[in-house]
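Chemist: Before I ask anything, here is the structure I am working with.
The values are calculated or read from the model by the stated rules, or taken from the named source; none is laboratory data. Quick caveat: nothing in here was measured; it's all calculated off a predicted structure. Heads up, the Cβs are rebuilt from the backbone with ideal geometry, glycines too, and the neighbour counts pull from every protein chain shown.
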Amino acid sequence: MEEVLAYKSPLLLDDRLSHYCPGCHHGTVHKLVAGCLEELGVGDNTVCVGSIGCSVFIYNYLTLDTVEAPHGRAPAVATGVKRSRPDKFVFTYQGDGDLASIGLAEIMHAANRGERISVVFVNNTVYGMTGGQMAPTTMIGQKTTTCPGGRCADREGLPMKMAEIIAGLGGVRYSARVAVNNIKNLKKARKVLKKAFEIQLAGKGFGFVEFLASCPTNWRMTSLAANERVEKEMIPYFPLGVFKDEQGDS
Amino acid sequence: MLMSRIFIKGNVAIARGALDAGCRCYFGYPITPQNDIPEFMSKAMPEAGGEFVQAESEVAAANMLLGAAACGIRAMTSSSSPGMSLKQEALSYMAGSELPGVVVNMNRGGPGLGDIGPSQGDYFQSVKGGGHGDYRLLVLAPGTVQEAYDLTILAFELAFAYRNPVLILGDAIIGQMQEPITPQKPVAVDPFEGGSWRLEGAGQREPRVIKSLHLTDGALAGHNLKLQEKYQRAGKECRHEEFLTQDAELIVVAYGSIGRIVKSTIRKLRKEGVRVGLIRPITLFPFPSRVLFDLADQGKKFLTIEHNMGQMVEDVRLAICGKAESRFYGQLPGNLPTPNDFEQPIIDAVRS
Ligand SMILES: Cc1ncc(C[n+]2csc(CCOP(=O)(O)OP(=O)(O)O)c2C)c(N)n1
Ligand code: SF4
């Protein structure tokens, strides 16, 4: 009987054992990034800007020229890369601690300047790498190691909705939020990410995609329960959708 | 062909030096007393086909430098003391990632907000690392506007030769004074500089990764050893000015604008028969220890004069290894010293 290839892993994804925890969405998002770059045929011409957090080893999985940025500074590093090599495809890959906390100034200003870069933002509502502390995106009532009684709005403020905040800035051409907790969402996420990348390829401006992601380890949940939490708790507060889509010339 | 002389401010000489050295990306954030540099660059970079970005902070500016450096382009940032503290994070990452870049610090008075006047209070921060970890910057300290221009060009050469950030350490005196200089012919920069390591998209080759993270057993040790070997090699870049040392009883050690002012004092005292000479370190790292050691060996006494409460004097003492008498005179910040201010301390040291 003839063999039919049902699934092929993107070539830009290195075939090696993953250091991510079982059920972690970082690996899934990596795969989407690799797939989109491949479809657009730009992998050869891409500079990836890594960040700090569980994804610090992104260069172990994506076979791309990569530079590591200090915690939160990826948008500034990417600005330096893109300004010196405007002909390259440049994207950052950042967690919520990285982007919404320590690096808030860098992301806001790179977005506002309309840097022609793409930002892949992985929001798992927690600091993964350092062991599950509170993030700016931690949900009200969510327990972490530094808000053991659960996040409280009076004390810690409300979780930040980055995709909406970024959409409000002038230099931004595209801002969206997606999830990868089920096949339906994953398919949509792929389309959205590709669109954000195309915006850069067309030289139009800044593109931002927030991924709602799971961290089963620090949520102390099974992978399946974590996927469910994304659906039942996160999506109602962090709605999926495209918050800005300006195709016009900037 | 001889280039015609121009009359410019020290800050502008640095900016012009960078332009002539082939710098094509500048990232900065305003702070006195170095604002002439970003102001010059905001016009010069676009005109030269490059990029100027006024960053949201010194943190961002230094990280933009990191990104540009990773692409192998000649790039620069500049600031003054409080801003330099903010740049240290990126400088540590650049040193760890072996990235070339030029950074200017027009040192003002501190700690904290301090004042905007000249000072040499950032010596330790400049030559001992500044950021976290075991690394060094190459540090150049101009004493004239011509030198500010020439050393900026040298800074770019050294940054790429050693793949390390190079710091130009000046102060408000050097930055704000105006002198005639002779510019050089602009450097023809090879666009493939950094061709073996720069990021540009992997194409058909193996991808390149520029990083400072080394977690596997022994990897960081090996990397740090490699960095230390590089700093050793950089020893051959040592530069200093030697003035009337041969018959001197006393050697004054002073750098930058203070070195230049002390030189005037020495000229005057020489006419009065005082046997004093000057060593003005031009590279602060690597430090000209050898020449100091040799002078100590000849039985000369030492006086270190700085615009701080005693920082470089530690390196002078290390260099002379207890072989000679060593004194220190510190000029307090908040004052613009004149050659007269150093007369008595020098006479006291000679007579001691
Ligand atoms: C300046 C600095 N502060 C703190 C840290 C420690 N640190 C490492 S990862 C991290 C949090 C990362 O969280 P997030 O961005 O949400 O990524 P995740 O691990 O969840 O993927 C922190 C605080 C650091 N490396 N550098
Ligand atoms: S700690 Fe969380 S974010 Fe980090 S790898 Fe594990 S599941 Fe993923």
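Chemist: Among residues belonging to the range A:117-140 that are out of contact with any strand residue (DSSP E or B) (no Cβ under 7 Å at 6 or more places or on another chain) and over 15 Å from A:Leu212 (Cβ atoms), point out the one that is nearest to ligand 2 (Cβ to nearest atom).
Modeler: So, considering only residues that are out of contact with any strand residue (DSSP E or B) (no Cβ under 7 Å at 6 or more places or on another chain) and over 15 Å from A:Leu212 (Cβ atoms), the one nearest to ligand 2 (Cβ to nearest atom) is A:Met129.
Chemist: I want to confirm something. Restricting to the range B:238-273 and keeping residues that are at negative phi and of a type in the set (Gly, Ala, Ser), which single residue is surrounded by the most Cβ atoms within 10 Å (Cβ to Cβ)?
Modeler: Step one: filter the range B:238-273 for residues at negative phi, giving B:238-243, B:245-255, B:257-272.
Next, only the ones that are of a type in the set (Gly, Ala, Ser) stay: B:248, B:254, B:257, B:259, B:264.
Values: B:Ala248: 22, B:Ala254: 28, B:Ser257: 26, B:Gly259: 25, B:Ser264: 13.
So the residue we want is B:Ala254.
Chemist: Taking the residues in the range A:21-57 that are β-branched (Val, Ile, Thr) and buried (at least 23 other Cβ atoms within 10 Å of the Cβ) as candidates, determine which candidate is nearest to ligand 2 (Cβ to nearest atom).
Modeler: Restricting attention to the range A:21-57, the residues satisfying the condition of being β-branched (Val, Ile, Thr) are A:28-29, A:33, A:42, A:46-47, A:49, A:52, A:56.
Checking which are buried (at least 23 other Cβ atoms within 10 Å of the Cβ) leaves us with A:29, A:33, A:46-47, A:49.
On the way: A:Val29: 10, A:Val33: 16, A:Thr46: 24, A:Val47: 24, A:Val49: 19 Å.
Among residues in the range A:21-57 that are β-branched (Val, Ile, Thr) and buried (at least 23 other Cβ atoms within 10 Å of the Cβ), the one nearest to ligand 2 (Cβ to nearest atom) is A:Val29.
Chemist: Still on this structure, I have one more. Hey, can you tell me all the residues within the range A:50-67 that are within 7 Å of another protein chain (Cβ to nearest Cβ) and either within 20 Å of A:Leu201 (Cα to Cα) or touching a Leu at 6+ places or on another chain (Cβ under 7 Å) (or both)?
Modeler: Of the range A:50-67, the ones within 7 Å of another protein chain (Cβ to nearest Cβ) are A:56, A:59, A:63-67.
Of everything in the range A:50-67, those that are within 7 Å of another protein chain (Cβ to nearest Cβ) and either within 20 Å of A:Leu201 (Cα to Cα) or touching a Leu at 6+ places or on another chain (Cβ under 7 Å) (or both) turn out to be A:Val56, A:Thr63, A:Leu64, A:Asp65, A:Thr66, A:Val67.
Chemist: Pairs needed: first member in the range B:207-218, under 16 Å from B:Gly67 (Cα atoms) and within 7 Å of chain A (Cβ to nearest Cβ); second member anywhere, at pLDDT below 95 and outside any strand (DSSP E or B); C-beta distance under 6 Å; at least 6 residues apart or different chains.
Modeler: Cβ pairs passing all conditions: none.
Chemist: Here's something else I'd like to know. Which of the residues belonging to the range B:155-174 are assigned to a helix (DSSP H, G or I) and surrounded by fewer than 24 Cβ atoms within 10 Å (Cβ to Cβ)? Spell out the reasoning first.
Modeler: So the first thing to find is which residues in the range B:155-174 are assigned to a helix (DSSP H, G or I), and the list is B:155-162, B:172-174.
Correct list: B:Glu157, B:Leu158, B:Phe160, B:Ala161, B:Tyr162, B:Ile173.
Chemist: Same structure again: (1) in contact (Cβ under 8 Å) with a residue 60 or more places away in the chain; (2) over 25 Å from A:Asp96 (Cα atoms); (3) assigned to a loop (DSSP other than H, G, I, E, B): which one isn't true of A:Met1, the others all being true?
Modeler: The one condition A:Met1 does not meet is (1).
Chemist: Let me ask you something else. Considering each residue of the range B:1-56, count those that are surrounded by 24 or more Cβ atoms within 10 Å (Cβ to Cβ), within 19 Å of the chain's Cα centre (by Cα) and within 23 Å of A:Ile107 (Cα to Cα), and give that number.
Modeler: Count: 4.
Chemist: Suppose the filter is away from chain B (no Cβ under 12 Å) and of a type outside the set (Phe, Trp, Tyr); does A:Ser9 pass it? Show your work before the answer.
Modeler: Values: away from chain B (no Cβ under 12 Å): yes; of a type outside the set (Phe, Trp, Tyr): yes.
Against the criterion (away from chain B (no Cβ under 12 Å) and of a type outside the set (Phe, Trp, Tyr)), A:Ser9 qualifies.
Chemist: Could you tell me whether A:Thr138 is within 16 Å of ligand 1 (Cβ to nearest atom) and either under 18 Å from the mean Cα position of the chain (by Cα) or within 30 Å of A:Gly205 (Cα to Cα) (or both)? Give the steps one after another, and end with the answer.
Modeler: Working: within 16 Å of ligand 1 (Cβ to nearest atom): yes; either under 18 Å from the mean Cα position of the chain (by Cα) or within 30 Å of A:Gly205 (Cα to Cα) (or both): yes.
The answer is yes for A:Thr138.
A quick yes/no check of all residues on (1) among the β-branched types (Val, Ile, Thr); (2) within 15 Å of ligand 1 (Cβ to nearest atom):
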residue	(1), (2)
A:Cys21	no, yes
A:His30	no, yes
A:Gly35	no, no
A:Ala74	no, yes
A:Asp87	no, no
A:Val90	yes, no
A:Ser101	no, yes
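Chemist: Given A:Ala78, A:Ala111, which one is of a type in the set (A, V, I, L, M) and either in a strand (DSSP E or B) or facing chain B (nearest Cβ under 9 Å) (or both)?
Modeler: Among A:Ala78, A:Ala111, only A:Ala78 is of a type in the set (A, V, I, L, M) and either in a strand (DSSP E or B) or facing chain B (nearest Cβ under 9 Å) (or both).
Chemist: Give the residue that is surrounded by the fewest Cβ atoms within 10 Å (Cβ to Cβ), with candidates limited to residues of the range B:57-95 that are within 7 Å of another protein chain (Cβ to nearest Cβ) and assigned to a loop (DSSP other than H, G, I, E, B).
Modeler: Checked the range B:57-95; the qualifying residue surrounded by the fewest Cβ atoms within 10 Å (Cβ to Cβ) is B:Ser57.
Chemist: Only one of A:Glu38, A:Glu106 is in a helix (DSSP H, G or I), more than 8 Å from chain B (Cβ to nearest Cβ) and of a type in the set (Asp, Glu); which?
Modeler: Working: A:Glu106 fails: more than 8 Å from chain B (Cβ to nearest Cβ).
Checking each option against the conditions leaves just A:Glu38.
Chemist: If you don't mind, there's one more thing I want to ask. Of everything in the range B:1-56, what is of a type in the set (Gly, Ala, Ser) and part of a helix (DSSP H, G or I)? Give them in sequence order. Talk me through it step by step, then tell me what you get.
Modeler: In the first step, residues of the range B:1-56 are kept if they are of a type in the set (Gly, Ala, Ser); the result is B:4, B:10, B:13, B:15, B:17-18, B:21-22, B:28, B:42, B:44, B:48-50, B:55.
Across the range B:1-56, the qualifying residues are B:Gly10, B:Ala13, B:Ala15, B:Gly17, B:Ala18, B:Ser42, B:Ala44.
Chemist: Also: For the range A:91-100, state whether one or more residues are more than 14 Å from chain B (Cβ to nearest Cβ) and surrounded by fewer than 24 Cβ atoms within 10 Å (Cβ to Cβ).
Modeler: Yes - at least one qualifying residue is present in the range A:91-100.
Chemist: Within the range B:166-186, is there a residue that is within 24 Å of B:Arg108 (Cα to Cα), without any contact (Cβ under 8 Å) to a residue 60 or more places away in the chain and more than 14 Å from chain A (Cβ to nearest Cβ)?
Modeler: no
Chemist: Then there is this: Looking only at the range B:200-237, filter to residues that are among the acidic types (Asp, Glu) and in a loop (DSSP other than H, G, I, E, B); which one of those is surrounded by the fewest Cβ atoms within 10 Å (Cβ to Cβ)?
Modeler: If we filter the range B:200-237 for residues that are among the acidic types (Asp, Glu), which is where we start, we get B:200, B:206, B:217, B:229, B:237.
From what's left, in a loop (DSSP other than H, G, I, E, B): B:200, B:206, B:217.
Numbers: B:Glu200: 20, B:Glu206: 9, B:Asp217: 7.
The selected residue is B:Asp217.
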